[in-house]
Amino acid sequence: MSEESKNITVNIYGQDYVLKSAADQEYINKIAEYVNSRMNEIEKSGLDANSQQLKIAVLSAMNIA
């Protein structure tokens, strides 16, 4: 039996994203919180959040991977 997908809104780094997933909302929220925390950690290393958001996102993705 497959679960029905639902829309789940998460906020990552000040942006709202609507995700379509069959996963539990709490699980998706935990993932979003983890990604957000990694991005904030990279920002605290000295990158300017206003002008280097893409760089922060890419470095966070590399860190997570």
Over the chain, what is the relative contact order in percent, taking alpha-carbon pairs closer than 8 angstrom and at least six residues apart? 25
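Net charge near GLN25: determine it from the other residues with C-beta under 14 Å of the C-beta of GLN25, scoring Lys and Arg +1 and Asp and Glu -1. Can you show the working numbers first?
On the way: positive: LYS6, LYS20, LYS30; negative: GLU3, GLU4, ASP24, GLU26, GLU33.
Spelling it out: positives minus negatives among the neighbours equals -2.
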If N is the residue count of the chain, its Cα Rg over 2.2 N^0.38 Å rounds to 1.27
Taking the Cα centre of the chain as origin and charging only Cβ (+1 Lys, Arg; -1 Asp, Glu), how large is the dipole, in debye to the nearest 20? 200
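Report, in deg cm²/dmol and to the nearest 500, the calculated mean residue ellipticity at 222 nm for the chain, where each DSSP H run with n ≥ 4 adds -39500 (n - 2.57) and the sum is divided by the residue count. Could you put the intermediate results ahead of the total?
Details: 2 runs with 32 residues, N = 65.
The helix-only estimate for the chain comes to -16500 deg cm²/dmol at 222 nm.
Around ILE12, under 14 Å between beta carbons, what's the net of Lys plus Arg minus Asp minus Glu among the other residues?
On the way: positive: LYS30, ARG38; negative: ASP16, GLU33, GLU41, GLU43.
Overall, the nearby charge balance is -2.
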Probe 1.4 Å, accessible area per residue of the chain, Å²: 77
Treat each spin label as a single point 7 Å out from the Cα along the C-beta direction, and report the MET62 to LEU47 distance in nm. 0.9
So how far apart, in nm, are the two label points at ALA23 and GLU4 if each is 7 Å from Cα heading toward Cβ? 2.1
Of all accessible heavy-atom area on the chain, the percent that carbon and sulfur account for (1.4 Å): 50
Dipole of the chain, positive direction: furthest Cα of LEU19, SER37, GLN52, with charges on the beta-carbon: GLN52
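The values are calculated or read from the model by the stated rules, or taken from the named source; none is laboratory data. The model shown is predicted, which means the values in this text are computed figures rather than measured ones. Don't worry about glycine lacking a Cβ; one is built from the backbone with ideal geometry, like all the others, and counts go over all protein chains shown. Surface accessibility is based on the protein's heavy atoms, side chains included, excluding ligands, DNA and RNA. Shrake-Rupley method; radii C 1.70, N 1.55, O 1.52, S 1.80 Å.
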